[in-house]
Amino acid sequence: MPKDVMSMAEVQGECEIVVMRVFDAPREMVFDAWADPKQLVQWFGPEGFTTTVETFDLREGGAWVQVMHGPDGTNYPGTAMFTEVQRPEVIAYFNRGGREGAEEVVFQSTVTFEELGPEKTRLTIRMEFPNAQERDENVRNYGSIEGGRQTLNRLANFLAKKGVAA
């Protein structure tokens, strides 16, 4: 497993979850891993999950329709509407989805890609929920803090396979 340069995932503020990791990889490479659905499906989601992308139109107003498949066979369909795309700095989207058959979860995600040097990038995912109760239910019902850590660990492994220490 690649060296974890610096990572964190926690509840922050009134109604947010923040997941962050520093990668030893150029910002454009990290951005492309998120912006290219062929790359995204190779690492997106917690350990043991796979992701099927049905639609991925990375532009403001575009949609990302996907299904995460849990290791126990549970499906987690989701639809994201992109609200901001600035290559290679930010991807923001309004997310709707959750466990198949369960009440829908809604939140705004903002993913930022901060260049810390020519070969170092800080990726930060900020998930903002309508209120603290919905955020806390997401943490409890979906394990979103640990899932966020695992997802960025999978991204680090993916980048390492591309020949970059992450």
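Mind checking the full-extension length gain between T79 and V11? Use 0.36 nm per residue of separation minus the Cα-Cα distance, one decimal, nm.
22.2 nm
Applying the criteria of a DSSP loop state and at most 15 other Cβ atoms within 10 Å to the GluC sites (Glu not before Pro) of segment 10-46 yields E14.
Taking 7 Å steps out from each Cα toward its Cβ at E146 and K120 produces label points 3.1 nm apart.
If you look at the Cα atoms of the chain, you get an Rg and a Dmax of 14.9, 45 Å. What you get for the chain, charging only the Cβ of Lys and Arg (+1) and of Asp and Glu (-1), is a dipole of about 540 debye around the Cα centre.
Got the relative contact order for the chain handy, in percent, Cα pairs under 8 Å and 6 or more residues apart? Before the final figure, lay out the partial values.
On the way: 374 pairs, mean separation 47.9, N = 166.
After rounding, I find 29 percent.
Taking every C-alpha pair closer than 8 Å and separated by at least 6 residues, the mean separation divided by the residue count of segment 99-166 gives a relative contact order of 20 percent. Cross-link reach is defined here as a Cα-Cα straight distance under 13 Å, omitting same-chain residues fewer than 8 places apart; for K120 the aspartates and glutamates meeting it are D4, D24, E28.
Relative to the dominant Cα principal axis of the chain, helix 132-142 is inclined by about 80°.
For the chain, the longest principal axis of the alpha carbon atoms and the long axis of helix 144-161 meet at an angle near 30°.
Readers should treat all values here as calculations from the given coordinates under stated rules, not as data from a laboratory. Everything numeric here is computed off the predicted structure, so don't read it as measured data. Every residue, glycine among them, receives a Cβ derived from its backbone with ideal geometry; neighbour counts consider all protein chains shown.
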